[in-house]
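Below: the structure, in structure tokens.
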Amino acid sequence: MMNILRRAVSSSKRSSLVRIIAVATATSGVVYSTDTGTRISVAIPESIRESKSVPWQISQGLIHRTEQSLFGNFSAFSARASPKPEAAADNNEKRAPVEDSDSVKPPFGGFLGRDTIANAAARIGPAVVNLSVPQGFHGITTGKSIGSGTIIDADGTILTCAHVVVDFQSLRQSSKGRVDVTLQDGRTFEGVVLNADLQSDIALVKINSKTPLPTAKLGFSNKLRPGDWVIAVGCPLSLQNTITAGIVSCVDRKSSDLGLRGTGREYLQTDCAINAGNSGGPLVNLDGEVVGVNIMKVLAADGLGFSVPIDSVSKIIEHFKKSGRVIRPWIGLKMIELNKMIIAQLKERYPMFPDVEKGILVPTVIPGSPADRAGFKPGDVVVRFDGKPVETIKELIEIMDDRVGQRIRVVVERSSKETVTLEVIPEEANPDM
């Protein structure tokens, strides 16, 4: 094969052949000889064959890497390489306009282009603010709490973290103190804390402006997948307009995995660089939409940052608007989500385990709780809650919403194939729980 190629290369059509071999190599085409001994035939994929000798037009979303082959170094591309459109058969025929690649908005979760992160940062950047709150002890100012926030409404509502704007030395007091706010364009305002929920670490700050304010668009965190690209924007160490990029490492990191007490919560985990001052800043998708609020990182490790999913934040904001605070119903159950593997293991260990395919296991019932009074027993498997099938604790919490003092019918499966319907009346959870 190589001798045939050498003889052909020495011919007068050397330049054309080299071009063909290069295309065959870079596009995984197949090179083979014919009976004449001097002709070369190349099998080229359909998408490449259409372009023939037309110069290549590489899409803007190109990611380049160099690889080794039998023919030496060559460039391979993980994005699609599309040829320029061929000339129309009829010169009088009008071509369809080619859309400018800069005006094309990359699809959510699509390929990463040269300007993708910069474009997302440009969309969100003007709405990200620096927050500074004086801290003191017995009226003596000892320093400042610094953080970040995002303007989410043209009326001046800023989304941030509670620990940035609330004095945690008095956890029971929702701070109504003043907050110094600095925008990316240099404007400064004095804001006031509207609402703060210490358990979720989410707060709202309000500023008043006679001139228009930039705002950010809220996205949907339930669309995120592990591996999706995201950026973190904020003011670490008061360095305004700092942008870091990374991926989503986990979309449902449990608070119990992090050793946090209280009602079960879920966080987005990312490897974006998050430092002191990033707290309250947005986690943003490639469309420039807010998908999370950055709240913490693991000090003893790099690349372990956590954000409150924006879907959860949106519900907290609804509570703020409706009640001025977050109302969390409590029924007094310890719960474990079941899957097929856990169920199979439990049935192997405990032959009397309920015959279920999904549900939520109740290993513990807190004495004196609403669930205890309703008749729940350890070992029950919740299969329906308020008439709806449930598989996750998150679904159960969403169904309860803020229904404190309202009866909820619950169907549980017990050993010996016993199905029981119970009625539980949730109480409002203790804020310190």
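Taking the criterion of being aliphatic (A, V, I, L, M), touching a residue at least 40 places away in the same chain (Cβ under 8 Å) and crowded, with 18+ Cβ neighbours inside 10 Å, the residues of the range 231-250 that qualify are ILE231, ALA232, VAL233, ILE243, ALA245.
Selection of the range 404-417 for residues being free of Cβ contacts under 8 Å to residues at least 40 places away in the same chain and open to solvent by 40 Å² or more (accessible area, probe 1.4 Å) yields GLY405, GLN406, ARG407, ARG409. Taken as a whole, the range 312-323 holds at least one residue that is in a helix (DSSP H, G or I) and of a type in the set (Phe, Trp, Tyr). Taking the range 312-342 as the range and being out of contact with any strand residue (DSSP E or B) (no Cβ under 9 Å at 6 or more places or on another chain) and over 24 Å from GLN406 (Cα atoms) as the test, the residues that pass are ASN339, LYS340, MET341. Every test in (1) part of a helix (DSSP H, G or I); (2) under 20 Å from LYS315 (Cβ atoms); (3) at pLDDT 90 or above is passed by MET341 save one, and that test is (2). In this structure, ASP401 does satisfy being open to solvent by 70 Å² or more (accessible area, probe 1.4 Å) and closer than 30 Å to LEU218 by Cα.
The single condition among (1) in a loop (DSSP other than H, G, I, E, B); (2) open to solvent by 20 Å² or more (accessible area, probe 1.4 Å); (3) small (Gly, Ala, Ser) that ALA196 does not meet is (1).
Of all residues in the range 212-226, those being free of Cβ contacts under 8 Å to residues at least 40 places away in the same chain and open to solvent by less than 40 Å² (accessible area, probe 1.4 Å) number 0. Looking at (1) at pLDDT below 95; (2) surrounded by fewer than 19 Cβ atoms within 10 Å (Cβ to Cβ); (3) not in a loop (DSSP other than H, G, I, E, B), which is the only condition MET352 fails? MET352 satisfies every listed condition except (3). Within the set THR421, THR364, the sole residue that is more than 27 Å from GLN345 (Cβ to Cβ), open to solvent by 20 Å² or more (accessible area, probe 1.4 Å) and in a strand (DSSP E or B) turns out to be THR421.
Taking the criterion of being without any contact (Cβ under 8 Å) to a residue 40 or more places away in the chain and open to solvent by 30 Å² or more (accessible area, probe 1.4 Å), the residues of the range 384-396 that qualify are ARG384, ASP386, GLY387, LYS388, PRO389, GLU395.
Scanning the range 323-349 for residues that are touching a residue at least 60 places away in the same chain (Cβ under 8 Å) and either open to solvent by 90 Å² or more (accessible area, probe 1.4 Å) or of a type in the set (Asp, Glu) (or both) returns a single hit, ARG325.
Summed over the range 265-299, the residues that are in a loop (DSSP other than H, G, I, E, B), under 29 Å from LEU396 (Cβ atoms) and open to solvent by less than 20 Å² (accessible area, probe 1.4 Å) give a count of 1.
The values are calculated or read from the model by the stated rules, or taken from the named source; none is laboratory data. Only a predicted model underlies this, so the values are computations on that prediction, with no experimental measurement involved. Positions of Cβ are generated from backbone atoms using ideal geometry, with glycine treated the same way; all protein chains shown enter the neighbour counts. What goes into the accessible areas is simple: the full protein's heavy atoms, side chains included, and nothing from ligands, DNA or RNA. Shrake-Rupley method; radii C 1.70, N 1.55, O 1.52, S 1.80 Å.
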